[in-house]
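Please treat every number below as a calculation from the coordinates, not as lab data. All values reported here derive from a predicted model rather than from experimental measurement. Positions of Cβ are backbone-derived with ideal geometry, glycine not excepted, and every protein chain shown enters the neighbour counts.
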Amino acid sequence: TLTSYSALPRALMALDPGGYIAWIEPDVRPELVRETIQKKLSEIQVPASNEVYVALTELEDGEFILPGFVDTHTHAPQVPNMGSEQIDHSGQQYELLDWLENVTFPMESRFKDVEFAKKVYPGIVQRFIDCGTTTCCYFGSIHLESTKVLADAILKQGQRALVGKCNMNQNSPVHYCEPSVASSINATKELISYIRSLKSDRVLPIVTPRFAISCTGELLHGLGDMLKADNTLAVQTHVSENKSEVEFTKSLFPECASYTDVYEKHGLLDERTILAHAVLLEDEEMTLIKKRGAGISHCPTSNFNLRSGMAKVGEMLDRGIKVVGLGTDVSGGFTPSILTAIQHASICSKMVAVQFAATAATTQPTSDSHSQFANKQLPLATLLYLATMGGASLCCMTDKIGSFAPGKSFDALLVSGRPETKNPAMWSLPDDFMESSNRGNHYDGEKARRRLDEMLERFFFGGDDRNILRVFVQGNCIGGTALHSLAEERN
Ligand code: GUN
Ligand code: FE
């Protein structure tokens, strides 16, 4: 849940051959493992002709598994720009609109060249995978063919994803703008049929109007109609990220009460909607988003980097907005790592709290005692939730991913804090702490759980992709340092 998770030091989990979790026994003594497996197998009806394979994997000390991360907002064709070309002529970091024009659109427009897409997309997808992102919501470029290439790469490399091509038919550079509403809609429909023709339940299409500024009302209406006609389609876009952007949007759509209302009025706001950023939402916009059941992707790295501001995530959670997931928003954000998004979400919540205390000191008590989350630091459990179940909820996939439960897909990370990872951050614990506490006669359950909590916290704040040994989607290992070093050994 938002405020708690179970740390299970002696859990036993079984997968079926399809990569689904068959069962979980939360606490099994080591000497009873084989017996428990025999008992479980005898309970399952196995057709006599089927052979049953049992592979036992025991985690080493200092390792644990975690549900895979969900990145609810990122831009695949911006990865080549990551961490560079962000400074304007006066040496300042660009803000959103200038950054889009000067940095982002020139790179995205290169994906007109399908060969370029074929060359770079596979590596880009693998970078997200190796950061522990098992499910990813990707914005492609405006180009149909290159976005098909992106979907192909994701399918081949085994990640779970929602993939969309951007719709843009106004306020965009001539070389990076769709010529008409019809061509934008047709290309979108074609991408959707193409992705569905791949017949994968892992890679799904998503309608992707870039943001209100880049779409005419007619185009937004057309996309809204597509959603109305097909209730399995989802939609992703940007909302209220930056002050100039909000002002420009309001000037373009004067008939709408707010930025969010633009999406509402064009049939693009419901429980299948993922809204990125939401830094500057007005009170009525939060109410509307809550009412429609839309989700918000919190992209703190990008919001800091582009100087957009700090989203009021605590307040959104208090209001029960279908929660918030985390997004890396590359290359507004300078890394594809959800771990960094976790760290920045934590810092963002702390700074919102500091700011609240500073302004409230003159008028009210310094802590917000009426709220559970607003103006407070997000707890560890909440950060974990946002990165996993919150993201699953945004993607409408809570029946499938986001946590470990029988019937769900095994989308998971094998995390190691062992010295071999070469990242001492998780290992530099007090001596007795890393001592084995989960086997032998003197098992201390409480101590073992505290140790897992400690490792999770150290992974979140000191860990990086070196600590991610294996990344699993649907039971298949598709990334992580252990997979890559195995491949190297074979070569
Ligand atoms: N708003 C419209 N397009 C973009 C984009 O590519 N990145 C970010 N951060 N905001 C946007
Ligand atoms: Fe974005």
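So the values come out like this:
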quantity	calculated
Crossing angle, helix 181-197 versus the chain [Cα axis fit, 0-90 degrees, rounded to tens]	20
Charged-residue dipole, Cβ positions (Lys, Arg, Asp, Glu), the chain about Cα centre, Debye nearest 20	620
Between 0 and 90°, nearest 10: helix 243-252 axis offset from the chain longest Cα axis	50
Under DSSP loop assignment and at most 16 Cβ neighbours within 10 Å, longest GluC sites (Glu not before Pro)-free interval of the chain	86-254
Residues S172, S337, sorted so that the one with the fewest Cβ neighbours within 10 Å comes first	S172, S337
Globularity ratio of region 206-334, using Cα Rg and 2.2 N^0.38 Å	0.97
Stokes-Einstein D (µm²/s) once Rh is taken as the Kirkwood radius of region 236-290 over alpha-carbon pairs, at 4 °C in 1.567 mPa s	116
Dipole-positive endmost among S141, P122, S109 within region 96-160 (Cβ charges, Cα centre)	P122
Cα-projected label distance for K291 with K447, points at 7 Å along beta-carbon direction, nm	5.7
Between region 272-298 and region 453-491, the alpha-carbon center distance in angstrom	33
Local electrostatic count at A7 - Lys and Arg +1, Asp and Glu -1, tallied over other residues with Cβ under 14 Å	-1
Chain lengthening between S4 and E489 when straightened (0.36 nm per residue, less Cα-Cα)	170.5 nm
Footprinting exposure proxy for K228, K189, K165 (fewest neighbouring C-beta atoms within 10 Å first)	K228, K189, K165
Globularity ratio of the chain, using Cα Rg and 2.2 N^0.38 Å	1.00
Alpha-carbon centroids, region 393-416 and region 151-197: separation in whole Å	27
